[in-house]
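Novice: Mind looking over this structure? Questions follow.
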Amino acid sequence: SSVLLKISHCCICVIPATEYHLGLLKAKLAKYRAQLLEPSKSSAAKGEGFDVMKSGDARVALIGFPSVGKSTFLSLMTSTASEAASYEFTTLTCIPGVIEYKGANIQLLDLPGIIEGAAQGKGRGRQVIAVARTADVVIMMLDATKGEVQRALLEKELESVGIRLNKSKPNIYFKPKKGGGISFNSTVTLTQCSEKLVQLILHEYKIFNAEVLFREDCSPDEFIDVIVGNRVYMPCLYVYNKIDQISMEEVDRLARRPHSVVISCGMKLNLDYLLEKLWEYLALTCIYTKKRGQRPDFTDAIILRKGASVEHVCHRIHRSLASQFKYALVWGTSTKYSPQRVGLTHMMEHEDVIQIVKK
Ligand SMILES: Nc1nc2c(ncn2[C@@H]2O[C@H](COP(=O)(O)OP(=O)(O)OP(=O)(O)O)[C@@H](O)[C@H]2O)c(=O)[nH]1
Ligand SMILES: [K+]
Ligand SMILES: [Mg+2]
């Protein structure tokens, strides 16, 4: 505590002065980095072969260093063949394939390898990252023989362009205003941010009037993310490939890392488990339909993204169904009673059963 005392503190909280400098520095850095995200006018950023149509129920992007086995994986999991070879940068465009799993069509995108400096435009880094931003889940494929280096480098690249892996959006209410200064509130005790620091950061962004409410103990970085606003919160599976080349001890160690799965495309090892994990990370919602007086049809689920409403279900069944909709009966975890009468805006949950009644 004698060390702490020597650091000057602001009068309203216990955040050391050095934290202010760091907080502000990060605000400045984030501003410069934001420019990286703006679409470049140069033709290099457009890139041919990268504008693949979204299709199916979800999109998964394969990113990783060259020659980690991305194309080998795509060719194994889908009916699409993507050229694989021992030399780096075999793949030069975006190659889509489809994984059929539990009645869902999952679009899997094979991409060129990326390297350090990708975010700044090295190789096809910018295009690859732009595609990754459009995915529902990213698979970061890693060469198990290369240890931890690749993972740390790529995390840094994605972080620098506002992609947040396996993190949820900070629970901060932020609203710029026309006047009235900055009103600051929090519902929890803050240990990393204070009113003063929040004000300094906002001033850095030339924001002088705003409403800020911290609903969790966020860091200055997380607050900056909220101000900048164009962050992507992306589930990511770290997939260590080529485990046929490493020791049993190393396999054991990598498999226990968070969000990680170990595989061997070469020996077709653990691919089923990877699919199970992928399904979990996609967190899709399966809805079963039921006709009046009949049993639910459990053979043919309607697959939707999280946060889907009854209206989404209607659109999936028929384009004009929502306009003829009277009410629906829903059985499942989304309702208090089973069945419960609900309207178009009711939010569906995984494995709910629905019966739609038309006008
Ligand atoms: N030993 C071993 N080799 C593998 C495995 N999976 C892929 N490979 C080999 O790794 C090399 C690179 O595979 P690719 O699928 O071309 O890798 P990529 O990530 O698509 O490479 P780029 O398109 O160049 O970025 C090929 O020679 C594959 O045969 C595996 O599980 N074990
Ligand atoms: K390759
Ligand atoms: Mg490839």
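Just so it is clear, none of the values below were taken in a lab; they were calculated from the coordinates. The structure presented is a predicted model; accordingly, all values stated were derived computationally and were not measured. Note: ideal-geometry Cβ built from the backbone for every residue, glycine included; neighbour counts use all protein chains shown.
Novice: With viscosity set to 0.890 mPa s at 25 °C, what whole-number translational diffusion coefficient in µm²/s follows for the chain from Stokes-Einstein and a Kirkwood radius over Cα pairs?
Specialist: Numbers: Rh = 23.4 Å.
Result for D is 105 µm²/s.
Novice: If you count the DSSP beta bridges with both ends in region 285-358, what percent of them are antiparallel, to the nearest 5?
Specialist: 85
Novice: Let me ask another. If you take all C-alpha pairs in region 188-306, what percent of them are over 16 Å apart?
Specialist: On the way: 5277 of 7021 pairs.
When every Cα pair of region 188-306 is considered, 75 percent fall beyond 16 Å.
Novice: Using only the alpha carbons of region 126-204, what is the convex hull's orientation-averaged projected area in square nanometres?
Specialist: Working: hull surface 33.8 nm².
Its Cα hull, projected and averaged over all orientations, spans 8.5 nm².
Novice: Restricting to the chain, compute how many DSSP beta bridges are antiparallel as a %, nearest 5.
Specialist: Numbers: 27 of 55 bridges.
Close to 50 percent.
Novice: For the chain, set up a Gaussian network in which alpha carbons nearer than 10 Å are linked by springs, and say which option among Gly56, Gly64, Gly307 fluctuates the most.
Specialist: Gly307
Novice: For a quick check, take a GNM of the chain with Cα springs below 10 Å and name the residue from Ser82, Ser260, Ser168 with the largest mean-square fluctuation.
Specialist: Ser168
Novice: Tell me the Rg and the Dmax, in Å, that the Cα atoms of region 285-358 produce.
Specialist: Cα only, region 285-358: 10.8, 29 Å (Rg, Dmax).
Novice: Let me know the whole percent of all Cα-Cα pairs from region 182-240 that are separated by more than 18 Å. Present the calculation step by step, with values, prior to reporting the outcome.
Specialist: Working: 656 of 1711 pairs.
Every Cα pair in region 182-240 considered, those over 18 Å come to 38 percent.
Novice: Something else now. Where nothing but the Cβ of Lys and Arg (+1) and of Asp and Glu (-1) is charged, how large is the charge dipole of the chain around its Cα centre, in debye to the nearest 20?
Specialist: Numbers: 47 positive and 37 negative charges, 304 e Å.
Roughly 1460 debye for the chain.
Novice: Counting pairs of Cα atoms in region 55-128, how many percent are more than 20 Å apart? Could you put the intermediate results ahead of the total?
Specialist: Numbers: 787 of 2701 pairs.
It works out to 29 percent of all Cα pairs.
Novice: Calculated from DSSP H runs of 4 or more alone, at -39500 (n - 2.57) each and per residue, what is the 222 nm mean residue ellipticity of the chain, nearest 500? Don't skip to the answer; put the middle values down first.
Specialist: Values: 12 runs with 110 residues, N = 359.
The per-residue figure over the chain is -8500 deg cm²/dmol.
Novice: In debye, nearest 20: dipole of region 189-346 around its Cα centre with unit charges on the Cβ of K, R (+) and D, E (-)?
Specialist: Details: 21 positive and 18 negative charges, 236 e Å.
Roughly 1140 debye for region 189-346.
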